[in-house]
Amino acid sequence: MGKHDSSYKQFFSYPQLVADLLRDFVPNLEVDKLDFDSLEKVSGSYISDDLRDREDDVIWKIRYHDYDDWLYIYLLMEFQSTIDHFMAVRIMTYIGLLYQDLIKADVIKKKEKLPPILPLVLYNGKKIWNAPQNITELLHEYPAGLKVYQPSLQYFLIDERHDFTNEQLNAKLHSIVAILFQLEKVKSNKELRETLKRLNNLLKKEDSALLKIFVTWLRIVRLPRHLPNVTLPEFKNLQELQNMLAIETENWLEQSRKQGLQEGLQEGLQKGLQKGRQEGLQKGRQEGEITLFINLLTAKFGQLDEQTINMIQKLPEERLLECSQRLLFAKTLAEIFD
């Protein structure tokens, strides 16, 4: 299980966040009829190995006031770069396993009806989720007489990055989950500081364990995405992080930009060299290391004269790499070729 998945499993092991999720992000649930004081995380003691292996999923149950029964919440967290086209099949399988386990554990007695289950898929990928949400959409065409025998099951999808605007998330003033989703979406450092301030104000001192999870997630998962190539100092709480962001942001951004440019240059040159070697052609070498180097020089200093271009084309490979390493910090062409 990845760092992101592990953090989210910890987040949604808190009843407060599960309650926020149900209240603010699942429509048509009749939340006024839910007894949020009854929220209870389903114990793994009577869940089979098949479900227990689903380490990145969390199962809760909650009472309906108007129904003498539990509603089970199957929360599946999906943090993979490739969208699972057959997610509806997986959901159908997990729900079947959960029902089977409840029956085996004698939670459901003979002749009793099975409790309702709300399957939630929480997705945080860069691409918009486009997989079918009902298993019927995955089925091949069949004769009308077979319709009664075909499964029909739909899961509810929450696509964090694409389903909600910042305005919609800001409107949910007391929702920690809304702030979590907003932290996933922020792009500017100003937005990040403002969102952290909201989170710090909303979480109380008695929520120290939850605060610790947020701090760990920000340090290990979220901030490395926001400030790549930057080694962040340690911070123990959100206030320390806000203070650091206010003071060090520009330095971190410059450090990230320079490191990214240097790594990009080296990667590009290596790809060019590899291409030249693989093709075994002089043309491949020129298109790789030389052409890339000339393009980078032109981007930084403007159009090069013919004499300089000819000189670069005659540089041996080791000399070319040496000059490329000076490119990032050089202010003049002379500093590169001295």
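The values are calculated or read from the model by the stated rules, or taken from the named source; none is laboratory data. Predicted model only: the values in this text are computed from it and were never measured. A quick note on method: Cβ atoms are made from the backbone with ideal geometry, for glycine too, and the neighbour counts reach across all protein chains shown.
Take the conditions (1) at pLDDT 80 or above; (2) assigned to a helix (DSSP H, G or I); Gln303 misses just one of them, which is (2). I'm checking my understanding of the structure. Among residues of region 130-160 that are surrounded by 15 or more Cβ atoms within 10 Å (Cβ to Cβ) and of a type in the set (Phe, Trp, Tyr), which one is farthest from Ile176 (Cα to Cα)? Checking each candidate, the answer is Tyr155.
Within region 140-177, which residues are outside the structural domain of Met92 (by TED's automatic domain parsing), among the β-branched types (Val, Ile, Thr) and more than 22 Å from Ile128 (Cβ to Cβ)? The answer is Ile176, and nothing else.
Please verify whether region 109-125 includes one or more residues that are assigned to a helix (DSSP H, G or I) and touching a helix residue (DSSP H, G or I) at 6+ places or on another chain (Cβ under 9 Å).
Step one: filter region 109-125 for residues assigned to a helix (DSSP H, G or I), giving none.
No.
Residue count for region 136-146 satisfying the condition of being more than 19 Å from His85 (Cα to Cα) and outside any helix (DSSP H, G or I): 2.
Under the condition of being at pLDDT 85 or above and more than 27 Å from Leu76 (Cβ to Cβ), the residues counted in region 193-212 number 6. Of all residues in region 306-327, exactly one satisfies the criterion of being outside any helix (DSSP H, G or I) and modelled with pLDDT under 80, namely Leu327. Filtering Tyr72, Tyr99 for residues that are among the hydroxyl-bearing types (Ser, Thr, Tyr), in the same structural domain as Glu40 (by TED's automatic domain parsing) and free of Cβ contacts under 8 Å to residues at least 24 places away in the same chain leaves a single hit, Tyr99.
Assessment of region 141-161 against the conditions (over 25 Å from Leu21 (Cβ atoms), modelled with pLDDT under 90 and hydroxyl-bearing (Ser, Thr, Tyr)) yields at least one matching residue.
Scan region 182-212 residue by residue and report those that are of a type in the set (Lys, Arg) and either over 21 Å from the mean Cα position of the chain (by Cα) or under 22 Å from Arg161 (Cα atoms) (or both). Spell out the reasoning first.
Looking only at region 182-212, we keep the residues that are of a type in the set (Lys, Arg), and these are 185, 187, 190, 193, 197-198, 204-205, 212.
Within region 182-212, Lys185, Lys187, Lys190, Arg193, Lys197, Arg198, Lys204, Lys205 meet the criteria.
Of the residues examined, Pro224 is one that is more than 18 Å from His174 (Cα to Cα), at pLDDT below 85 and assigned to a helix (DSSP H, G or I).
Take Gln262 and decide whether it is at pLDDT 55 or above, over 25 Å from the mean Cα position of the chain (by Cα) and surrounded by 13 or more Cβ atoms within 10 Å (Cβ to Cβ). No; evaluated as a whole, the condition is false for this residue.
Residues that are within 22 Å of Phe12 (Cβ to Cβ), of a type in the set (Val, Ile, Thr) and free of Cβ contacts under 8 Å to residues at least 24 places away in the same chain: find the helices (runs of 4 or more DSSP H) completely inside region 147-203 holding 1 or more of those.
Here the list reads 176-185, 189-202.
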